[in-house]
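A.B. asks: Got a structure for you, written out below as structure tokens; questions coming shortly.
The values are calculated or read from the model by the stated rules, or taken from the named source; none is laboratory data. Only a predicted model underlies this, so the values are computations on that prediction, with no experimental measurement involved. Heads up, the Cβs are rebuilt from the backbone with ideal geometry, glycines too, and the neighbour counts pull from every protein chain shown. SASA here: full protein model, heavy atoms, side chains in, ligands and nucleic acids out. Shrake-Rupley method; radii C 1.70, N 1.55, O 1.52, S 1.80 Å.
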Amino acid sequence: MTTTHPSQAIPATLVPGDGIGPEITDAVVEILEVAGAPFAWDVQHGGMAAIAAGGDPLPPALLDSIRRTRLALKGPLTTPVGGGFRSVNVRLREEFKLYANVRPARTLIPGGRYEDIDIVLVRENLEGLYVGFEHYIPIDGDPQAAAISSGVNTRAGSRRIAEFAFDYAVRNGRKKVTIVHKANVLKALTGIFLEAAKDVARRYEGRVAVDDRIVDACAMQLVLDPWRFDVIVTTNLFGDILSDEIAGLVGGLGMAPGANIGEDAAIFEAVHGSAPDIAGRGVANPLALLLAAAMMLDHVGHGTTARRVRDAIDGVLREDGVRTGDLHGRASTRDITAALVRRLR
Ligand code: NAI
Ligand code: MG
């Protein structure tokens with residue numbers, strides 16, 4: 001199904017997904033419409049819905065759609081247990097060379113452990129220790145006496161993610177990029193990353209400040225003094241760990257958006273899953289997916305609309321006090337959608 005907008009429409013793939021996915025995508029589409037977002041949605045099925053239809057959680061029609069639009073908003077997909085399905089997220093990452101994982105964390109509800117957190121983590125998404133070069137070595141009849149894993153960081157891949165992070169900083173009015181590494185010990189694997197990133201940083205001198213930090217010290221500083229961080233760029237494994245730590249600073253994954261950006265496409269989603277325990281009850285919080293949609297608006301150059309959406313979220317949470325159950329409120333998905341629509345109209 002394709003819905004079209006008048007002028008300047010930007011075709012985009014919409015995957016409602018499983019569990020609470022359809023409820024929160026409905027809410028987000030309605031809110032975006034009122035906000036004047038330019039997307040012309042091509043709705044495609046993935047996950048369990050797609051398995052029911054054709055046996056594949058990532059059907060060719062969905063891949064074709066993203067190949068065409070190069071832009072997608074994705075609801076959570078239930079990963080079927082057993083049956084030998086490869087993770088849909090990993091397949092998408094490979095298919096569209098989604099090399100940058102962007103996870104912003106911003107304090108949305110005052111009164112938590114930390115106030116006024118505003119950090120964006122940019123994680124390299126294709127290289128490092130996640131390339132899957134792993135094997136065992138048999139010794140003395142023990143077939144798995146030793147385990148070996150190799151990481152691969154390329155100069156090109158390191159430059160590419162650093163350029164992404166610095167460009168992101170410039171485009172989003174950010175002041176500083178912190179390069180996070182472990183080049184004191186993993187001298188080759190993360191040394192190449194540090195050197196490439198510093199090289200890139202030189203081209204942004206005077207526009208974006210740069211510093212670098214060893215990952216363990218960074219993990220501690222994030223807890224002691226998170227306000228010193230602005231944009232962080234790091235390798236795959238460190239990014240995986242630090243992005244969850246940073247989400248913890250603002251109250252967990254519940255309202256965390258994420259973007260996977262690559263050469264061939266950009267896919268935006270909530271970090272949370274399909275929440276089968278509350279699916280169909282109309283109580284799901286649509287804000288993580290809405291924040292992902294705001295990132296998508298930034299990505300296509302509609303930053304003003306993105307800002308209006310974020311301001312509306314701030315207003316609804318802080319001033320109107322409309323919050324869903326996961327935020328210890330009593331509002332339904334409909335209530336919070338209506339509150340956002342009122343502010344955006
Ligand atoms: P989950 O994130 O779906 O749920 C964890 C807890 O958070 C549940 O109690 C749920 O009710 C609550 N929750 C999550 N999102 C919420 C929202 N928007 N509003 C209110 N409460 C919310 O994680 P879980 O249960 O481990 O995974 C469920 C399914 O989702 C699995 O099949 C998993 O593979 C899949 N999943 C998919 C992801 C994706 O497509 N990106 C990411 C994470 C999990
Ligand atoms: Mg992770």
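A.B. asks: If you go through the stretch 71-93, how many residues are in contact with a strand residue (DSSP E or B) (Cβ under 7 Å, 6 or more places away or on another chain), within 11 Å of ligand 1 (Cβ to nearest atom) and either over 16 Å from HIS45 (Cα atoms) or not in a loop (DSSP other than H, G, I, E, B) (or both)?
C.D. replies: Selection size over the stretch 71-93: 2.
A.B. asks: Out of the residues in the stretch 71-116 that are aliphatic (A, V, I, L, M) and loosely packed, with under 14 Cβ neighbours inside 10 Å, which is nearest to ligand 2 (Cβ to nearest atom)?
C.D. replies: VAL90
A.B. asks: What about ILE232, is it surrounded by 13 or more Cβ atoms within 10 Å (Cβ to Cβ), more than 16 Å from ligand 1 (Cβ to nearest atom) and either in a strand (DSSP E or B) or not assigned by TED's automatic domain parsing to the domain that holds ILE119 (or both)?
C.D. replies: yes
A.B. asks: Whether any residue in the stretch 207-216 is touching a helix residue (DSSP H, G or I) at 6+ places or on another chain (Cβ under 8 Å), touching a residue at least 60 places away in the same chain (Cβ under 8 Å), away from ligand 2 (no atom under 16 Å from the Cβ) and open to solvent by 70 Å² or more (accessible area, probe 1.4 Å) is what I want to check.
C.D. replies: Scanning the stretch 207-216 turns up no residue that is touching a helix residue (DSSP H, G or I) at 6+ places or on another chain (Cβ under 8 Å), touching a residue at least 60 places away in the same chain (Cβ under 8 Å), away from ligand 2 (no atom under 16 Å from the Cβ) and open to solvent by 70 Å² or more (accessible area, probe 1.4 Å).
A.B. asks: If you check ARG68 against the conditions, is it part of a helix (DSSP H, G or I), more than 14 Å from ligand 1 (Cβ to nearest atom), open to solvent by 10 Å² or more (accessible area, probe 1.4 Å) and assigned by TED's automatic domain parsing to the domain that holds ILE313?
C.D. replies: yes
A.B. asks: Can I ask one more? Out of all the residues in the stretch 243-260, which are touching a residue at least 40 places away in the same chain (Cβ under 8 Å) and in contact with a helix residue (DSSP H, G or I) (Cβ under 7 Å, 6 or more places away or on another chain)?
C.D. replies: Selection gives ILE246, ALA247, LEU249, GLY254, MET255, ALA256, PRO257, GLY258, ALA259, ASN260.
A.B. asks: Right, next: Taking helices (runs of 4 or more DSSP H) that fall entirely within the stretch 241-345, which contain at least 2 residues that are open to solvent by 30 Å² or more (accessible area, probe 1.4 Å) and either at pLDDT 95 or above or out of contact with any strand residue (DSSP E or B) (no Cβ under 8 Å at 6 or more places or on another chain) (or both)?
C.D. replies: Ranges flagged: 303-314, 333-344.
A.B. asks: Taking the criterion of being touching an Asp or Glu at 6+ places or on another chain (Cβ under 9 Å), of a type in the set (Ser, Thr, Tyr) and either in a helix (DSSP H, G or I) or at pLDDT 95 or above (or both), would at least one residue in the stretch 11-28 satisfy it?
C.D. replies: Yes: one or more hits.
A.B. asks: So which of ALA183, ALA147, ALA156 is without any contact (Cβ under 8 Å) to a residue 12 or more places away in the chain and not polar (S, T, N, Q)?
C.D. replies: ALA156
A.B. asks: Which ranges mark the strands (runs of 3 or more DSSP E) fully within the stretch 104-154 that have 1 or more residues being assigned by TED's automatic domain parsing to the domain that holds VAL233 and aromatic (Phe, Trp, Tyr)?
C.D. replies: 128-139
A.B. asks: Here's another thing I want to ask about it. Counting only residues that are without any contact (Cβ under 8 Å) to a residue 60 or more places away in the chain, part of a loop (DSSP other than H, G, I, E, B) and open to solvent by less than 50 Å² (accessible area, probe 1.4 Å), how many does the stretch 186-204 have?
C.D. replies: Here the count works out to 2.
A.B. asks: Among residues belonging to the stretch 21-44 that are open to solvent by 30 Å² or more (accessible area, probe 1.4 Å) and aliphatic (A, V, I, L, M), point out the one that is farthest from HIS302 (Cα to Cα).
C.D. replies: VAL43
A.B. asks: Continuing with the same structure: State all residues of the stretch 29-75 that are of a type in the set (Lys, Arg) and under 20 Å from the mean Cα position of the chain (by Cα); if no residue qualifies, say none.
C.D. replies: Listed by number, the residues that qualify are ARG67, ARG70, LYS74.
A.B. asks: Kindly list the number of the only condition in (1) open to solvent by less than 30 Å² (accessible area, probe 1.4 Å); (2) in contact with a strand residue (DSSP E or B) (Cβ under 7 Å, 6 or more places away or on another chain); (3) within 14 Å of ligand 1 (Cβ to nearest atom) that fails for GLY47.
C.D. replies: Answer for GLY47: the failing condition is (2).
A.B. asks: Residues in the stretch 155-176 that are modelled with pLDDT of 95 or more, outside any helix (DSSP H, G or I) and either farther than 15 Å from THR234 by Cβ or not charged (D, E, K, R) (or both): how many?
C.D. replies: So the count comes out to 2.
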